[in-house]
1. Only one of these conditions is not met by K30: (1) surrounded by fewer than 20 Cβ atoms within 10 Å (Cβ to Cβ); (2) in contact with a helix residue (DSSP H, G or I) (Cβ under 9 Å, 6 or more places away or on another chain). Which number is it?
2. Quick one: R209 ticks every box in (1) surrounded by 14 or more Cβ atoms within 10 Å (Cβ to Cβ); (2) more than 16 Å from the chain's Cα centre (by Cα) bar one, so which box is it?
3. Inspect all residues belonging to the range 163-179 and state whether any of them is in contact with a His (Cβ under 8 Å, 6 or more places away or on another chain) and at pLDDT below 95.
4. Exactly one condition in (1) over 15 Å from the mean Cα position of the chain (by Cα); (2) surrounded by 19 or more Cβ atoms within 10 Å (Cβ to Cβ); (3) at pLDDT 95 or above is false for G126; which is it?
5. Which pairs do you get when a residue that is under 18 Å from A199 (Cβ atoms), found in the range 253-269, comes within reach of a residue that is assigned to a helix (DSSP H, G or I) and among the aromatic types (F, W, Y), reach meaning Cβ atoms under 7 angstrom, with the pair 6+ apart or on two chains?
6. Give me the residue from the range 17-35 that is small (G, A, S), part of a loop (DSSP other than H, G, I, E, B) and modelled with pLDDT of 95 or more and, out of that set, farthest from the chain's Cα centre (by Cα).
7. Sort out which residues of the range 132-151 are buried (at least 22 other Cβ atoms within 10 Å of the Cβ) and under 10 Å from the mean Cα position of the chain (by Cα), and write them in order of number.
Amino acid sequence: MSTPASPFADSTVAIVGVGLIGGSLAAAIKHRRVARRVIGVGRSTARLQSAKAARLIDDFSMDLAQAARESQLVIVCTPVDRIVADVRAAATAMQDGGLITDAGSVKGGICDSLCDLAHGPVTFVGSHPLAGSEKQGFEHASATLFEQKVCVITPPAGTLREPLERLHQFWQAVGMQTCELSPAEHDTTLARTSHLPHAVAAALAATLRPEHTRFAANGFRDTTRIAGGDPELWTAIFQQNSAALVDSISRMEEQLATLKQLLLRGEAASLQNWLQIAKTNRDQLDDRSP
């Protein structure tokens, strides 16, 4: 399937937060010629200079408002507890017709706080590209990070169709498949498929005693890999999606309680069936088309 043309091919795009996601997005935009110019926005001149030296961005600015004035699209890739303020700062400065989106993995609180920007001279529409790594920093950026991955777009009620279509086309132009969910649907879904796995990996890693470290082979390392993510970033994610995450934890506790009872009762056939259901669910992930 051919990649759709970018609606920002002759425009300037500002990326706020040039870390792993922002840096990879900048690399993809430049590699695929999705925009004419990419401005990186951040809080460290040295880091932004390094990102420019690595040819991830064309220019950089410490002034979000100034970058927004020069851009037709602003993508906020900062931690979820900073996104609302960054979007507000960009929206105040952008010219009419400007579009703002984000890359946060929690959408409910963000979209509720910015619902007044669903339509107007400058529009905000939430996004969540389902791609990433436990690694941090633009040094790990990849122009192919988003290819054939899914981007969930979460338009608040009343969002105009024209900017929404432009946003779909943008994410498709960097190689992603797009779909739409309400912010609430997104948060419930991601609590189960992203936030709970991180919580479980962290809980498992927390059980490891120093004297057992040398015995933690590939199984333990693979299962706990994502626990290596930034604790500050994940604290904000957990707090902003706490209700959905608590519900998902309860469902996980039910499964562990079932397993515990099967072991206590010595029910081998039921235990095997429980494991088979889990295997079937996991195998479906490998069988699914990208």
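1. (2)
2. Single failed check for R209: (1).
3. No, the range 163-179 has no match at all.
4. Only one criterion in (1) over 15 Å from the mean Cα position of the chain (by Cα); (2) surrounded by 19 or more Cβ atoms within 10 Å (Cβ to Cβ); (3) at pLDDT 95 or above is unmet by G126, namely (1).
5. Taking only residues 6 or more apart or on different chains, the pairs are L259/W274.
6. Per the stated criteria, the residue is A35.
7. Once the filter is applied, which keeps residues that are buried (at least 22 other Cβ atoms within 10 Å of the Cβ) and under 10 Å from the mean Cα position of the chain (by Cα), the range 132-151 yields only C151.
Results for (1) surrounded by 13 or more Cβ atoms within 10 Å (Cβ to Cβ); (2) in contact with a Ser or Thr (Cβ under 9 Å, 6 or more places away or on another chain); (3) not assigned by TED's automatic domain parsing to the domain that holds S194, shown as yes or no for each residue.
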| site | (1), (2), (3) |
| --- | --- |
| T224 | yes, no, no |
| G229 | yes, yes, no |
| F238 | yes, no, no |
| S250 | no, no, no |
| A257 | no, no, no |
| E267 | yes, no, no |
| Q272 | no, no, no |
| A278 | no, no, no |
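The values are calculated or read from the model by the stated rules, or taken from the named source; none is laboratory data. Since the structure is predicted, the reported quantities are computational estimates derived from the model, not experimental observations. Ideal geometry is used to build each Cβ from the backbone, glycine not excepted, and the neighbour counts take in all protein chains shown.
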